[in-house]
Amino acid sequence: MASLSLTRRDFLKAAAAAGVLASIRPPEDIVIRTLKEVGAEAAAIGECSVPALCRMCVNSCGIIVRVRDGRVRKIDPNPFHPASKGHICARGQSGVARLYNPDRLKRPMIRRDKAKRGTWEGFEAVDWDTALDETARILKKYIDAGEAKSIMIGGGWLPCGVYKPYVVAFAKAIGTPNFVGSPPPLCFFPKAFAWAVTVGVGGHPHITADFENSKYIVVLRRNLAGSLGVPYAWRFARAKRNGAKIVVLDPRMSETAAIADVWVPIRPGTDLAFLLAMAHVIVKGKLYDEHFLKRYTNAPILLRDGKPVKLWVDEETGKMKYLVYDKVRGKAVPHDEAIDPALLGEFDVEVDGGVVKAKPAFQYFAERLEGFTPEWASKICDVPAELITRIAREFGATRPAVIDPGWHDPKYSNSVQTWRMVAILNAMVGNIDKAGGFVFTAAGRGFKSKSLPEARVDVQWMKKKGYVVYNAQPNILAYYDAIVKGDPYPIRVAMLTGANWIRTLPDAKKWDEAFRKLDHVIAIDIMPNDTVAYADIVLPDCTYLERDDPLFGVGFSLDAGVATGMKAIDPIYDTKPMIEILVELADRLGKKDAYFKALGAMIGVEGATLKAYYEKEGIAGIRRAQAEAKGIKYDDLLSKGALVLKPKEMLMGTMPYRKPLSTPSGKVEFYSLKLLGIMSKKGYSEHWDPLPTWVPPKVYGKAGGNVFYLTYGRSPVTTHTHTVDNKLLASIARLEHYAVWINAAKARELGVKTGDKVKVTSLATGETVEGVAYVTEAIRPDTVFVVSAWGAESEKLRVARRIGGVALSKLWPMFKTAEGEDHLYTFLPNAMLQEVLVRVEKA
Amino acid sequence: MVRYGMIIDLRSCIGCGACVAACDMENDTLWEEGKRRTEVPKLLFGTYPTVMAVFVPRLCMHCDNPPCVAVCPTGASYKTEDGVVLVNYDLCIGCKYCVVACPYDARYVDEKKRRAVDKCTFCYENRVKQGRLPACVETCVGHARIFGDLDDPSSEAGRLAMSGLARPLRPDLGTKPKVLYIPKVKFE
Amino acid sequence: MIEAGVQTAWGWLIALYLFLGGMGGSMVVIGYLHHVRSKQNHLAAVGSLVGVILVALGTLFLIGDLTKPEKFYLVFLSPRLNPGSWIFRGSLILTLFIAFGLLYAAPQIKYFHWLPWAKNEKVIRYLGLVAASFGFLTVMYTGILISMARAVAFWQSPALPMLFIASGLSTGVAGMLFVNVVQGIRASGERREMHFHWCHELSLWDAILISVEILVTFLYLYIVSASSPEAALSVNELLFGSLSIPFTVGVLLLGLAIPFLLEYLHITRGKTASEIVRDKGVFKPCLLPITAATLVIIGGIVLRYAILAAGIKTIVIMT
């Protein structure tokens, strides 16, 4: 009988003997037994378990689903999954409540009266053939008329993340370029862009920090423990147990701040100033990693008037080359020829027959930092200067130290430069791809982003509006003009999967308008949410427990691996998995071959093979084909649910040390050549200065009296709006998870007590929403906070309606504020969701 | 003899509720009515900006000197040889003396499913006996719950118990709880 | 910084059970004492019978409060019986009390004159002593039961069983007053005078017991609130918090102060002329004590409820 305490040494011995990769490191004291052993015991009590992937949030943790007597009883964590490693959060556990939620969409429905959009009236239940035939008929109308591009296919994080190929393949098959995952401008793009121009990649699944080996961790603009991405939270908790010192910058005491050593209640939107002051202290105190900066970054690049003295392309490598001043040889040389490139100083450089005075970028930046003192930052951030100095010194003097590379930040006009500063500070202490520092995930190594096709609505719209970065990521906001005004060209049909845009996109009123304008709205979803209420055709999806999953590369993990999910039970209602719906629609449109061809190209399997396997086994067939193409042992995969292909020890510490980064220079771009390129085309702006400078948030200094900075975030019992109608989560949720946080002293001024109804009016949109107050000492007096997921208005979401919450999408402006001010950030798609002030009054 | 107990690390707990959800599902509690075997209240101290938040997971302490066992007339509440305090649902008549007597608010009345008083069992029958960890311990993302033999120095739980770092709640009551808490201390 | 909560498992049904135990047990005690003093057991027998019925009723409430009322017998017959439990001990005491109380009281009732000891004064006396002893144990037991829940600081005072005894006895006297007046109404002629005389005696005892109860109540609250912060919380709830209206109005005012006043008035008023009593009956002359008795009984019920409802437990104490 397996004992209860298995030390790491014992396990590795046993694992080696069993031929299991020794790279799977369970936390101490966890009992690792194969699924077969667990399965055998479970079978004895009539229980069976299958491995699966959780879909309660984007992290896709590995789970084991236990079924007894035809019912899913419990979801356990899967210890073999390299990202989640045997842990599951409350949302993961509540998948059972999602499966058996009586509020779910249970059968296909069609509604012919468009006037009833936005309500639940007028729907009639139909069988699948009718629903799919009708959907195909509608799509065919536009395809045959050569108007395929007026069909938009989109959704939230689901089709933006791992299911993207399966949805994009359909878009490609029917010939529309307008596939839109809504997250980029509303989530990760500012952070991703900042990191991408610095180290080559920056998307959520691609970068992270090696928390557990870090000794000093700074977290800002993120609630990494509380919004609970399990792959991050368990490593972060390990860091704490290993004695790391944790500093959290947050206007409120989030869950992460609650377990931090230092909570810095920083004024919202001013983190950039804090970081600039940190850099000032680090440069002044020479706490930076000189060796790293010289060898692995382009900090020594010689600049004149802020631009490189000389920049050219290396014909062989395709990478950019530049001049640095070699201290050993006493002259300027190409950077790969320098023995000891200077970081500081001013030098005479011979170039193009003349001599010019040039400074390394580091010198340039150091001079800029002179003014960004802790005293300067202290006034802006409302943080004592001594604290800023102390944190900067501790961060600079501790190795390894890391600033968390960020997650969701579509919040301010300075978001991009804030994350640029984070990247630069991490580079300054030399922690790139090192233990305890910033690291690339397995999925992030070798990721290459592609430009979006010009034929898309959003690319054309952004180009017109003068966006600087207009073809890197989709921009859902552009589609409003396309739907309502036909600008740049009309979008007439929206086919959505896993979207709740009425609640998640800024300015709900405008999206109500847009949804009413469309000729046809088709929704694939599991819940009757506020957006599905606008559909003409509802195609109910299966929950993740009722269907197979294809094979996926594991994101968010330091080890490289693959994972899949197996169906636990047959669908309990008349639903079909999204992939099957898309295939059947493609079939009806005569595009089945095209679908599998497009899909195959994206997932690395030959199209015809894929189709044949699908026809035999459905989605499980796709998985089998993928496994064969990758040379993965299928039985092994199914017995464990997740396999590690390469442990992190084989991957870490290689970029940029042994492999160049996918930046223009191949190095960590202290001085961003990409931003230089933009500056050359568009002229100077502090938003795309190749070296960061202070950019105040638009709302800076405007809070006071009963006007507050609006901040929002996540909670451990919610993900996005799809988790609000869940009985188990709702029963665990506390008031603070759905109420409006107000500082105690301010609440006294307003005569508000915990539990009182309050009116929150957005000064940006002029709309008012009602919420309940949570009065607390754990938030700044000038700030209010509310968790973003709630505020559902669909009466069919009965659990969510009982809780209530705040409908944030009414408070966020889209293009213009209520006063007619521009709210458009035309550098890159970034919705600026916290450049919003609100007035709070007792209701 | 094994002496099962749990260490709760208050430094790591963020009140995420995963343990609560896991227990509800694993043990079929009356969670829909708010009656559960474990809860994680939040305690907040101080005034802005000097504030400290502690999340305190609470469950049955599986005391070595359990007041619930002492007051139970029918012997339905009992302690196993390995230190787990359990309720024999067949013998429980639901007088609720144990609910009143428990200083840790660990028990609740299950009028619907078991028709008896119920509480945390350390997942004894359904997990521990099969060599698995209690559901709450297994799921905890922050490793804030550690389970094992408190007398075994080769187990993490045992080491933490013996180190004196982890302390019981209300030691003055003489209940000798076997769920011990590592306190959160702030220096800033 | 403490995290505390009030116990909610024992509510009205248990409060009534405790109250009826106190009152019923006391009625047998007082009945027996009266029997010994007045050398006749008419009042004693009926009072004891009522007392036994009240306790039995209380037991029904206890059983009704169980999650599994049909399994109540396990208190005596469980294969894992725990004799150290005060629920077991109390059930035993109450059962013996009811048995001996019935044995003591039954012979007085016409229908049971055939019982072997019905005419044996000595045996009846002994049965009465035993019944009264168990009656006293019953009263004491109600206080011991809740003080054994050491989790509730508010109940950890020796003054609590004392309070329950004082309250039990005063409600017992109140009950006897009712029985006495009812008997007085049904009696005629001289017997009416006798009942009126006893009414007076019982009023005196009631007044004494109420004053003792007032003293013990204040002593109890004072001592226990100094013993620990959570006990002080409980006292605060009773006097100024969510239970302040039931406690200050229901218990202190209506259950103690006013009845004392009424009894005092009755006692110092002087005796109504025997003729009036003989002609018009005992009810009107005994109006004050009857009112006082009613209020005492109500106060006794609310007191038990309030003490249960103020049972605060502190779980986490952080400094």
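Here, each number is a calculation from the coordinates, and none is a lab measurement. None of the values given here were measured: they were computed from a predicted structure. Neighbour counts are summed over all protein chains in view; Cβ atoms, including those assigned to glycine, are modelled from backbone coordinates with ideal geometry.
Things to note:
- For the options C:252, C:288, C:60, a Gaussian network treatment of chain C with springs between C-alpha atoms closer than 10 Å singles out C:60 as fluctuating the most.
- Cα-based shape type of region C:140-193, given that a ≥ b ≥ c are square roots of the gyration tensor eigenvalues and the cut on a/c is 1.5: prolate
- When the P(r) is computed for the protein assembly as shown, the part past 41 Å accounts for 57% of the Cα-Cα pairs.
- P(r), alpha carbons of region A:63-131 - 5 Å bins starting at zero, rounded %: 3, 13, 15, 14, 12, 9, 12, 10, 8, 3, 0
- Put in order of Cβ neighbour count within 10 Å, fewest first, the listed residues A:324, A:355 become A:355, A:324.
- Calculated FRET efficiency for the pair residue A:130/residue B:50, C-beta based, R₀ 51 Å, to 0.05: 0.20
- Separation of alpha-carbon centers, region C:137-174 and region A:546-620, rounded to whole Å: 71 Å
- Alpha carbon Rg of region A:499-630, scaled by the compact-globule rule 2.2 N^0.38 Å: 1.23
- Across all Cα atoms of region C:1-141, the radius of gyration (one decimal) and Dmax (whole number) stand at 17.2, 67 Å.
- From largest to smallest, the equivalent ellipsoid semi-axes obtained for chain C from the alpha-carbon gyration tensor read 36, 26, 14 Å.
- Label-point gap, in nm, between residue A:386 and residue A:448 - each point 7 angstrom along Cα→Cβ: 5.5 nm
- Fewest-first ordering of A:373, C:138 by other beta carbons within 10 Å of each residue's beta carbon gives A:373, C:138.
- What you get for chain B, charging only the Cβ of Lys and Arg (+1) and of Asp and Glu (-1), is a dipole of about 320 debye around the Cα centre.
- Averaging the sequence gap over all C-alpha pairs within less than 8 Å and six or more residues apart, then dividing by the number of residues, gives chain C a relative contact order of 26 percent.
- Under a model in which nothing but the beta-carbon of Lys, Arg (+1) and Asp, Glu (-1) is charged, the protein assembly as shown shows a dipole of about 620 debye around its Cα centre.
- The protein assembly as shown: antiparallel DSSP beta bridges as a percent of all, rounded to 5: 65 percent
- Placing unit charges on each Cβ (+1 for Lys and Arg, -1 for Asp and Glu) gives region B:42-188 a dipole about its Cα centre, and among B:155, B:171, B:56 the Cα reaching farthest toward its positive end belongs to B:56.
- Using a Förster distance of 56 Å, the FRET efficiency for residue C:249-residue A:119 (Cβ separation, nearest 0.05): 0.60
- Cα-based Kirkwood hydrodynamic radius, region A:680-748, one decimal, Å: 16.4 Å
- Looking at region A:314-354, the pairs of alpha carbons with a distance over 17 Å make up 33% of the total.
- Top of B:159, B:145, B:170 by mean-square fluctuation, Gaussian network on chain B, Cα under 10 Å: B:170
- Estimated inter-spin distance, residue C:77 and residue A:754, nm [label 7 Å along Cα→Cβ]: 5.0 nm
- Projecting label points 7 angstrom from Cα along Cα→Cβ for residue A:617 and residue C:240 puts them 7.3 nm apart.
- Length gained when the stretch residue A:602-residue A:635 is fully extended (0.36 nm per residue, less Cα-Cα span): 9.5 nm
- Proxy reagent accessibility, fewest Cβ within 10 Å first, across C:36, A:752: C:36, A:752
- Between B:46, B:75, B:131, the GNM of chain B built on Cα springs shorter than 10 angstrom shows B:46 fluctuating the most.
- With one equal scatterer per alpha carbon and no solvent term, the Debye-computed log10 I(q)/I(0) for region A:502-568 at 0.26 1/Å reads -1.06.
- FRET efficiency, 1/(1 + (r/R0)^6) with R0 30 Å, evaluated for residue A:145 and residue A:465 via beta carbons: 0.60
- Under 13 Å from the residue A:654 label point (7 Å along Cα→beta-carbon), backbone N, region A:447-476: A:447
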